[in-house]
Amino acid sequence: MSRWLFCLAFVFAGSLWEGLPLAHSVRAADRPNVVMVITDDQGYGDCGFTGNKVVQTPNIDALAAESSVLTDYHVAPTCSPTRSALMTGHWTNRTGVWHTISGRSMLRDNEVTFGEIFSDAGYQTGMFGKWHLGDNYPYRAEDNGFTEVYRHGGGGVGQTPDFWDNAYFDGSYFHNGKAVKAEGFCTDVFFKEGNRFIRECVEADEPFFAYIATNAPHGPLHAPQKYIDMYPEMNDNVATFFGMITNVDDNVGQTRKLLRELGVHDNTIFIFTTDNGTAGGASVYNAGMRGKKGSPYEGGHRVPFVMHYPEGGFAKSRTNNTLCHAVDVVPTLLDMCGVEAPESVKFDGTSIVSLLKDEVDSSFNDRMLITDSQRVIDPIKWRQSSVMQDKWRLINGKELYNIANDPGQENNIAGDHPEQVASMRAFYEAWWAELEPTFSQTTEMTVGHPDHPVVTFTAHDWIGQAPPWNQSAIRAAAAVFPKKAKKQELTHNGHWAINVHEAGKFEVALRRWPEESGVAIAAAVPAGEDVPGASAAYRTQDGRAIPVQSAEVRVDGKPIASKTVGEGDSVVTMEIELSKGSHQLAPVFKIPTGEVGAYYCTLSRIGK
């Protein structure tokens, strides 16, 4: 629907909403706007205002100097799990997202995101950059309440679900589901699109929620050269990592400037935060914490959180060191914006407005929170876990630390405090018992839906087989050409979990290279151009030819169709029949040494 039709629709409906709760109003002045900026792999210590003397973040530092800052705010130790908690106010393991690949990075369809809640309340909702909660219906951002979406695929630019041959410069991204070409560095592009959305909403007098999620400074490490050159004393990796952060900082400054120019700065809640502990800055400064990204120790999941909102009284320096978590963000924003959640939604988090005001709130003193890093197909009890209460930390159910006295978590004092250990273990046991029954609810990609008749799968979401999660791995075909010779025949044990919406006939199309590449199944692909930075772009890997002889489609472990692959074929298609319900889909290519999974597959409904 065009924006002017959208506005007319709400004008027509306005008279019907008289007397209803404020949550149904759509006038921009009625509620605050929201801009949330979340970066990828930037840790607590990767900002100037948290004590880093090397990284240059003047705009974020200035924001923090006139905002409410949380110093004991925690997330998951990796990206997708954090995003699921941030989006829903639910524990990551409740949402089905406890990994970043292998079908475990897709947000369950029964989850309600802040995109849906705010959209239903009359906000325009925009998502720009990194989604990483599913690339197929019904898991995409556009399926989860966002009215405007501009994103890359998968967990980063150049990963397997992303547009083919993307690097961090001049890539192609998905704008409301359609691939569009962009110019410039990815972070600049995502902020530019977010700023466009903000401007359009202001001009249309519509309240907005702009979620700007950068893939930077996640690797591969690339940045405009001028930002890398700002750190001549650092090694290449750190210089590029910090350069990516300074580029984010410049964009934060430009967006705040735009809000002032548009006259909505004071009525906008502006949040800056990150998704997990540092991936590249710990060797320079880590705020005295142990661990980094992926770790159950503080450095893995304690991150910065800054919130600014002048009209709400949040425009001066406040610091609060009370324990809180990403699950608290949604209920807090609803509280501040006067928006009601659906009655069916019960949050694991709670509003922390009192903490942002730096008020004394004893109700948080005894609160326990849990974060863990699973990164497996099915969660494992106590794996990479931290149970937190005030300044107590129980790691993996065995090690106890008091970070008030031991911020580096060097001295395990579990033996000195058996009652504290027992209390925290009991909390975890109850938490696990509640969530464990949901672990078997596999997130399935829907096929055969009348509104989504064509679905494309990538190897990123293979379950049961180690997936090639980036395009360098796709090019290298590591399973076919292992570094060490394998005597046994190659077998493919992976599958895609699908749910057939309605039984019928489908055309399945198997590809070794993605459709937009146009490359034949058995062809090699030359290396692509590199871009500035400390890492090689994924596309610089030579694309190896796989000697494909034929293709086979297996459903629920049984072969149901096969076909010879001709020389020069870029795709091989077969017709199959699927019954309604859950299935395991496993298309493979047969090669002289066994078989390899089809890296890309499209399933299209025939008829209706």
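Of all residues being of a type in the set (Asp, Glu) and assigned to a loop (DSSP other than H, G, I, E, B) in segment 105-147, which is surrounded by the most Cβ atoms within 10 Å (Cβ to Cβ)? Just the residue, please. Break it down into steps so the answer makes sense when it comes.
The first filter runs over segment 105-147 and keeps only residues of a type in the set (Asp, Glu), leaving 109, 111, 116, 120, 135, 142-143.
This time we only want the ones that are assigned to a loop (DSSP other than H, G, I, E, B), so: 109, 111, 135.
Values: Asp109: 16, Glu111: 20, Asp135: 27.
Across segment 105-147, the extreme among qualifying residues is Asp135.
Consider segment 406-419. How many of its residues are over 34 Å from the mean Cα position of the chain (by Cα) and within 19 Å of Met368 (Cα to Cα)? So the answer is 5. The requirement of being within 10 Å of the chain's Cα centre (by Cα) and on the phi < 0 side of the Ramachandran plot is fulfilled somewhere in segment 132-140, by at least one residue.
Take Gly528 and decide whether it is out of contact with any Leu (no Cβ under 9 Å at 6 or more places or on another chain), assigned to a loop (DSSP other than H, G, I, E, B) and either among the polar types (S, T, N, Q) or farther than 30 Å from Pro224 by Cβ (or both). It is false that Gly528 is out of contact with any Leu (no Cβ under 9 Å at 6 or more places or on another chain), assigned to a loop (DSSP other than H, G, I, E, B) and either among the polar types (S, T, N, Q) or farther than 30 Å from Pro224 by Cβ (or both). Restricting attention to segment 392-418, the residues that are without any contact (Cβ under 8 Å) to a residue 60 or more places away in the chain and surrounded by 13 or more Cβ atoms within 10 Å (Cβ to Cβ) add up to 12.
Restricted to segment 183-220, and to residues there that are aliphatic (A, V, I, L, M) and touching an Asp or Glu at 6+ places or on another chain (Cβ under 8 Å), the residue that is surrounded by the most Cβ atoms within 10 Å (Cβ to Cβ) is Ala216.
Listed residues Glu552, Glu595; which is in contact with a Leu (Cβ under 7 Å, 6 or more places away or on another chain), in contact (Cβ under 8 Å) with a residue 24 or more places away in the chain, among the charged types (D, E, K, R) and crowded, with 18+ Cβ neighbours inside 10 Å? Break it down stepwise before answering.
Details: Glu552 fails: in contact with a Leu (Cβ under 7 Å, 6 or more places away or on another chain).
Among Glu552, Glu595, only Glu595 is in contact with a Leu (Cβ under 7 Å, 6 or more places away or on another chain), in contact (Cβ under 8 Å) with a residue 24 or more places away in the chain, among the charged types (D, E, K, R) and crowded, with 18+ Cβ neighbours inside 10 Å.
Is it true that Gly122 is at positive phi and out of contact with any strand residue (DSSP E or B) (no Cβ under 6 Å at 6 or more places or on another chain)? Judged against the criteria, Gly122 is a match.
Taking (1) modelled with pLDDT of 95 or more; (2) over 20 Å from Phe163 (Cβ atoms); (3) loosely packed, with under 14 Cβ neighbours inside 10 Å; (4) in contact with a strand residue (DSSP E or B) (Cβ under 8 Å, 6 or more places away or on another chain) in turn, Gly607 satisfies each apart from (1).
Only one of Ala537, Ala497, Ala509 is surrounded by 13 or more Cβ atoms within 10 Å (Cβ to Cβ), farther than 24 Å from Tyr137 by Cα and not acidic (Asp, Glu). Can you tell me which? Walk me through how you get there before you give the answer.
Details: Ala497 fails: farther than 24 Å from Tyr137 by Cα; Ala509 fails: farther than 24 Å from Tyr137 by Cα.
One residue alone meets the criteria, Ala537.
Of all residues in segment 467-502, those being among the polar types (S, T, N, Q) and in a strand (DSSP E or B) number 2. Taken over segment 438-466, residues that are surrounded by fewer than 21 Cβ atoms within 10 Å (Cβ to Cβ), assigned to a loop (DSSP other than H, G, I, E, B) and of a type outside the set (Val, Ile, Thr) amount to 9. Of all the residues in segment 58-71, those that are buried (at least 23 other Cβ atoms within 10 Å of the Cβ) and polar (S, T, N, Q) number 2. All conditions but one from (1) surrounded by fewer than 13 Cβ atoms within 10 Å (Cβ to Cβ); (2) under 23 Å from Ala473 (Cα atoms) apply to Ile546; the one that does not is (1).
Residue count for segment 183-213 under the criterion of being among the acidic types (Asp, Glu) and over 17 Å from Gly171 (Cβ atoms): the result is 4.
Could you identify the single residue in Thr160, Thr187, Thr113 that is under 27 Å from Gly253 (Cβ atoms) and within 16 Å of the chain's Cα centre (by Cα)?
On the way: Thr160 fails: under 27 Å from Gly253 (Cβ atoms); Thr113 fails: under 27 Å from Gly253 (Cβ atoms).
Every option except Thr187 fails the conditions.
Taking strands (runs of 3 or more DSSP E) as the structural unit, those lying wholly within segment 552-608 and holding at least 2 residues that are hydrophobic (A, V, I, L, M, F, W, C) and either out of contact with any Asp or Glu (no Cβ under 6 Å at 6 or more places or on another chain) or within 25 Å of Glu489 (Cα to Cα) (or both) correspond to 558-564, 572-578, 581-591, 600-605. For residues in segment 1-57 being aromatic (Phe, Trp, Tyr) and either within 30 Å of Asn215 (Cα to Cα) or at pLDDT 50 or above (or both), which is surrounded by the most Cβ atoms within 10 Å (Cβ to Cβ)? This residue is Tyr44. Annotation: of all residues in segment 496-531 being of a type in the set (Phe, Trp, Tyr) and touching a helix residue (DSSP H, G or I) at 6+ places or on another chain (Cβ under 9 Å), the one that is nearest to Pro453 (Cα to Cα) is Trp496.
The values are calculated or read from the model by the stated rules, or taken from the named source; none is laboratory data. No experiment lies behind these values; they were computed from the predicted model shown. Glycine gets a Cβ as well: all are built from the backbone with ideal geometry, and neighbour counts include every protein chain shown.
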